[in-house]
């Protein structure tokens with residue numbers, strides 16, 4: 001027996017394998033629903049937003065709803081720059097008005113009072129200061145007014161009650177004043193007393209025509225309305241547009257008809273004789289300074305050699321009416337190869353009305369014209385008159 005075995009036997013201690021104490025057993029966990037971290041963030045946001053909305057709801061219930069009265073609609077313009085206008089109906093408040101009207105219907109269904117809301121709707125008034133005459137780059141303010149007390153009572157707060165819009169897109173033309181340089185005055189001619197409208201030739205060349213009118217059945221002695229007619233398309237081809245086609249024009253004093261020959265001064269009489277004699281000279285010249293005399297003894301060619309004198313007298317027809325016409329007569333110097341020119345008196349005359357014009361001058365209005373022949377009896381012969 002070896003030494004090692006002797007010791008082992010003496011101690012009588014068996015060799016046993018050393019064991020470690022067992023680890024405590026773990027209780028298994030139950031599997032269940034788990035919320036990921038991002039979801040917790042979303043839930044937090046929802047809670048915050050919900051709190052905000054809830055707060056707003058509480059706030060609105062206290063001080064009322066806020067509604068934008070005007071929407072984002074834009075006006076549409078037509079015409080030209082300087083004469084622009086709203087080409088379409090423009091009412092950016094209409095959607096809000098419909099919303100309020102719908103609210104009235106809902107309140108009625110719930111048996112709630114709608115008086116204040118109806119009063120608010122009726123009080124809303126919107127628009128531009130003007131609806132025409134716009135130019136490009138004009139800033140137009142569209143504003144609304146309403147009954148603030150009715151809005152407060154209805155629990156409504158209106159915002160966006162005014163907006164500014166800039167005009168653009170209008171055609172650019174030069175505005176032409178078709179009455180610049182246009183005048184009107186009284187005219188006396190063979191057709192009578194009338195008013196004549198005169199316009200610059202360049203306007204006439206563009207096809208512009210003019211006429212006039214006055215109130216009542218006869219001239220009122222103060223003013224007339226002058227009308228211009230034109231084709232806008234033609235004027236635009238020249239680069240123009242027109243913004244007015246009528247004006248009121250003040251005439252000079254209406255010519256005054258002379259009724260009393262005694263009111264004529266010597267200068268008036270001299271001017272009348274000179275003007276009427278010029279008419280007679282033109283007529284005699286058109287006859288070659290000769291006229292035919294048809295007498296009982298035959299027909300004779302009479303040469304008119306001059307005009308020697310003139311007289312002014314009331315027409316004999318005035319004694320039978322109130323025409324206030326005058327007779328301006330001239331003695332004629334004549335020559336003929338026959339004896340008859342030596343034993344006759346030859347004359348020519350005009351019957352008409354005398355007017356004093358607004359500038360003080362005298363005018364004679366007549367429709368007398370002469371034929372190239374003499375007529376008469378007992379040695380008194382006059383150029384034959386034709387009334388036109």
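Laboratory data are not the source of any read-out in this text; all were calculated from the coordinates shown. Note that this is a predicted model, so its numbers are computed, not measured. Because the Cβ atoms are built from the backbone with ideal geometry, glycine has one as well, and the counts that use them run over all protein chains shown.
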Expected sort for 168, 160 with the fewest Cβ neighbours (10 Å cutoff) up front is 168, 160
One finds the C-alpha centres of the range 253-318 and the range 66-96 to be spaced, in Å, by 73
Rounded to the nearest 5, the percent of antiparallel DSSP beta bridges in the range 63-166 equals 75
Inter-part gap, Cα centre of the range 360-388 to Cα centre of the range 200-244, in whole angstrom, is 40
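What shape does the range 124-248 have by the C-alpha gyration tensor, where a ≥ b ≥ c are the square roots of the eigenvalues, rounded means a/c under 1.5, and otherwise prolate means a/b greater than b/c and oblate the rest?
Judged from the Cα gyration tensor, the range 124-248 comes out oblate (a/c at least 1.5, b/c at or above a/b).
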Per-residue Cβ contact counts at 10 Å, fewest first, order 378, 330, 339, 90 as 378, 339, 90, 330
Most exposed first, judged by fewest Cβ atoms within 10 angstrom, 268, 205 run 205, 268
With a ≥ b ≥ c from the Cα gyration tensor eigenvalues, square-rooted, and the rule rounded for a/c under 1.5, otherwise prolate when a/b > b/c and oblate otherwise, the range 261-387 is prolate
Computed curve, the range 174-250, Cα-only Debye sum without solvent term, log₁₀ I(q)/I(0) at 0.13, 0.17, 0.24, 0.26 Å⁻¹, is -0.44, -0.69, -1.13, -1.26
The equivalent-ellipsoid semi-axes of the range 63-166, taken as the square roots of five times the Cα gyration tensor eigenvalues and listed largest first in whole Å, are 33, 12, 10
